[in-house]
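First the structure, then my questions, so here it is.
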Amino acid sequence: MQGISRAVRSCQEILKAAILQHAQGREIAGIEKIVSSLKWVTSPPAQQKGLENVTVADVLMTKGEQTGPWLWCHTNDIVIDAVKNMAKNNVGSLVVLKPGEQQYIAGIITERDYLRKIIAQERSPNHTRVGEIMTNENKLITVTSDTNILQAMQLMTENQIRHVPVIDGKIVGMISIKDVVRAVVEQQTGELKQLNEYIRGKYY
């Protein structure tokens, strides 16, 4: 997790390197090469607004994520069903709800919980309830839709977690460290492109 944070922070160093290349007369080729190398991690470009203004809501909007049954399970569900749900929807965690229609949050279950508490302990996922292996609500880390993306990254890094539910009174989505890193790199890539255009003379 710390390695990911260092990699993201290095984007700022890339900008500095590009400026130095400009001073040495190698600016265009160098910057275009850097921008090109970052394209693999970006999704369709989001509006450039600066990292200090990017929120969790922006990340959810980019993902096009909607809430639904695929995002959660219940404490009395069988673990194998929860794992199949994660695999089917290509997600790494599920919010765990208490039984009933009020959608009260009980905790979260992740791939890590499954590996450590089922596979490693040789327990049967067919005979174990989600409530027996989930991370309880009192240990659950959450964010809101207006949380800054850098704050979300810091929260995930400090607590060594990869998935965070987004709660605005109710569940509105889920973000992962992958989502956060992608958002940060997209913004940094936009700054590189603007620098390239500036050097080419597209700005006064």
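The values are calculated or read from the model by the stated rules, or taken from the named source; none is laboratory data. Please read these numbers as outputs of a predicted model, since none were measured by experiment. We place every Cβ from the backbone using ideal geometry, glycine too, and count neighbours over all the protein chains shown. To get the accessible areas, we keep the full protein, side chains included, count just its heavy atoms, and leave off ligands, DNA and RNA. Shrake-Rupley method; radii C 1.70, N 1.55, O 1.52, S 1.80 Å.
How many Å² of accessible area per residue for segment 51-183, probe 1.4 Å? Working shown, then result.
Numbers: 7160 Å² over 133 residues.
That works out to 54 Å² per residue.
Oh, and also: Ignoring any ligand, DNA or RNA, what whole percent of the accessible area of segment 51-183 comes from carbon and sulfur when the probe is 1.4 angstrom?
Details: 3360 of 7160 Å².
After summing per-atom areas, the C and S share lands at 47 percent.
With labels modelled as points extended 7 Å from the Cα through the Cβ direction, what inter-label distance (nm, one decimal) is found for Ala120 paired with Lys178?
So the two model labels end up 2.2 nm from each other.
Moving on to the next point. So how long is each side of segment 51-183 along the principal axes, counting just the alpha-carbon atoms, biggest first, in Å?
Largest to smallest, the principal-axis extents are 46, 32, 28 Å.
Another question, if that's okay. Which far-off residues, 5 or more places away or on another chain, put their amide H under 5 Å from the one on Met174, with H placed in the peptide plane?
Val166
I've got another one for you. Need one number: nm distance between label points at Lys170 and His127, each 7 Å from Cα along Cα→Cβ, rounded to one decimal.
3.9 nm
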